[in-house]
Every structure is written in structure tokens, then in C-alpha cells.
Amino acid sequence: DAGVIQSPRHEVTEMGQEVTLRCKPISGHNSLFWYRQTMMRGLELLIYFNNNVPIDDSGMPEDRFSAKMPNASFSTLKIQPSEPRDSAVYFCASSPAGQRGEKLFFGSGTQLSVL
Amino acid sequence: DAKTTQPTSMDCAEGRAANLPCNHSTISGNEYVYWYRQIHSQGPQYIIHGLKNNETNEMASLIITEDRKSSTLILPHATLRDTAVYYCIVRGSASNTGKLIFGQGTTLQVKP
């Protein structure tokens, strides 16, 4: 299994531009999570989906952020318009939900720099 | 979910056991203890989890005290590749999702 696949690996953009981050979860996993990591705030949960349905988006910082999961094998996190304070590493993770003590499997992350 | 407290940093000599403590004094009966680690520039990696019994796998051992208010992650023979940030997380099993909230963790430095 290739694991959780994220793209792009690195993204550099200018303030005001739209940014789209992509994630392919592990086949068969029912839950998908988007995390953001910065030095100041550590790892923050932004949103998670269960069976393609958003369950909790309370961690999404503001309306500029949106996430979709059109099917079980693909999710996007979009920032529009982007701002320098959005610079961070964004991780996607998936898990086989429905089991007690389930593990999260993380992707390698997308390093986002907004200039 | 219960809050956890971990030391900010620890050192360990290569080849020796690394014992990473975690306090979770407000843990409730249905909450699991999870350990993840994050090696520099990588995504977090699952290590082990447990409810009340001690657990062991190919990576580590987890010792949970009888009152469940604290636990210790043991890496039996630490190597330089075990240098990472180690996160102790407590999460209930009430829901069927894997929502995990990460704290600041313990930075473990394994030294030659």
C-alpha cells in the first residue's frame, strides 16, 4: 500500500492567490483528517470526514478555508484568498473508522509558503 | 477528552532504554492512551495504544499505572533514528472516529 498521498509536496504562492491541497487516503479507510502544523501552534485539527461527510469543522480557522471529499479516495483543502499567516505544513491522515483504538495514518504533508 | 502532561524534552543514550512519561490524571474509564511520534519533516507515526493493560509491539511497550492516571512509553533499545517528538494523547472511544488532539509532546534526543 502506498499510504496516504498528498500533493503538492511544496507550494509557494503569493498573498491573495487560491491554494488547493490534495489528499488520497488509504484505500478502505472511512475517515479522513486535515491537520495544520506551525511552530507556534503545533498540530491543529482543522476538519475531519467520516464516510465522505464532514463531521467536525470547528478547527477551520475562517471562511477562507474550505474542504471537500467528493468520494472515498480524494479530498481537497482550499484556501481562498491565501494570506502569509496560512504558511504551515498541512497534513492529511486517514483511518479505518468504526474500530475502537483505530490508528491514524499520516501523509508526508504539504509545505505551504504564502509570500 | 482528558488533558495530558509531558516533559518538554529528554535525552537518551543510544542503545539504552528510553522511558517517556505522561500524566493524564483526569482520564475516564473509557478513554484510551495513544502514543505517536513525529520525526523531523515527516507526518506523525502511530506507535502504540492501550486502555488499562500494558501493551507491547515491535516498536515499544506501554505501561499504564493501575489507577490509569499516568503511563510510560518505553523504547527498549533507542537508536539515533528514534530522535523525534513523542506525543501522548488520550481519547475516548465513545465515537467511532479517530479524532486525535495533539499537545506539544516530548522531544527525545538520542545521543551516540
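The values are calculated or read from the model by the stated rules, or taken from the named source; none is laboratory data. Since the model is a prediction, treat every value here as computed from it, not as a measurement. Neighbour counts are summed over all protein chains in view; Cβ atoms, including those assigned to glycine, are modelled from backbone coordinates with ideal geometry.
Could you say which residue among A:Ser58, A:Ser87, A:Ser66 is free of Cβ contacts under 8 Å to residues at least 60 places away in the same chain and in contact with a Lys or Arg (Cβ under 6 Å, 6 or more places away or on another chain)? A:Ser66 is the lone residue from the list that is free of Cβ contacts under 8 Å to residues at least 60 places away in the same chain and in contact with a Lys or Arg (Cβ under 6 Å, 6 or more places away or on another chain).
Filter the range A:76-88 down to the residues that are of a type outside the set (S, T, N, Q) and buried (at least 20 other Cβ atoms within 10 Å of the Cβ) and list them by number.
Step one: of the range A:76-88, the residues of a type outside the set (S, T, N, Q) are A:77-79, A:81, A:83-86, A:88.
Those that are of a type outside the set (S, T, N, Q) and buried (at least 20 other Cβ atoms within 10 Å of the Cβ): A:Leu77, A:Ile79, A:Asp86, A:Ala88.
Entry remark, the range A:25-37: residues being part of a strand (DSSP E or B) and either over 19 Å from A:Gln6 (Cα atoms) or within 9 Å of chain B (Cβ to nearest Cβ) (or both) number 4 in total.
Could you run through the range A:91-101 and say how many residues are at pLDDT below 70, over 16 Å from A:Pro54 (Cα atoms) and facing chain B (nearest Cβ under 7 Å)? Show your work before the answer.
Initially, the range A:91-101 is screened for residues at pLDDT below 70, giving A:97-101.
Now restrict to residues that are over 16 Å from A:Pro54 (Cα atoms): A:99-101.
Then drop every residue that is not facing chain B (nearest Cβ under 7 Å), which leaves A:100-101.
The total comes to 2.
Restricting to the range B:6-50, name every residue that is within 14 Å of chain A (Cβ to nearest Cβ), under 14 Å from the mean Cα position of the chain (by Cα) and loosely packed, with under 13 Cβ neighbours inside 10 Å. Matches in the range B:6-50: B:Thr8 only.
Determine which member of the set B:Thr72, B:Thr106, B:Thr83, B:Thr56 is modelled with pLDDT of 95 or more and exposed (fewer than 15 other Cβ atoms within 10 Å of the Cβ). Talk me through it step by step, then tell me what you get.
Numbers: B:Thr72 fails: exposed (fewer than 15 other Cβ atoms within 10 Å of the Cβ); B:Thr106 fails: exposed (fewer than 15 other Cβ atoms within 10 Å of the Cβ); B:Thr83 fails: exposed (fewer than 15 other Cβ atoms within 10 Å of the Cβ).
From the options B:Thr72, B:Thr106, B:Thr83, B:Thr56, the qualifying one is B:Thr56.
Flag set for A:Glu62, criterion: surrounded by fewer than 21 Cβ atoms within 10 Å (Cβ to Cβ), of a type in the set (Asp, Glu), more than 14 Å from chain B (Cβ to nearest Cβ) and part of a loop (DSSP other than H, G, I, E, B).
In the range A:38-56, of all residues being part of a loop (DSSP other than H, G, I, E, B) and within 17 Å of A:Ser95 (Cα to Cα), the one that is farthest from the other protein chains (Cβ to nearest Cβ) corresponds to A:Asn52. A:Lys68 meets all of the listed conditions (1) more than 14 Å from chain B (Cβ to nearest Cβ); (2) under 17 Å from A:Met15 (Cα atoms); (3) not β-branched (Val, Ile, Thr) but one, namely (2).
Where the second residue is β-branched (Val, Ile, Thr) and not in a loop (DSSP other than H, G, I, E, B) and the first is under 18 Å from B:Leu51 (Cβ atoms) and lies in the range B:14-32, which pairs have Cβ atoms under 6 Å and are six or more apart or on separate chains? Cβ pairs passing all conditions: B:Asn23/B:Thr5; B:His24/B:Val90; B:Ile27/B:Val90; B:Glu31/B:Val90.
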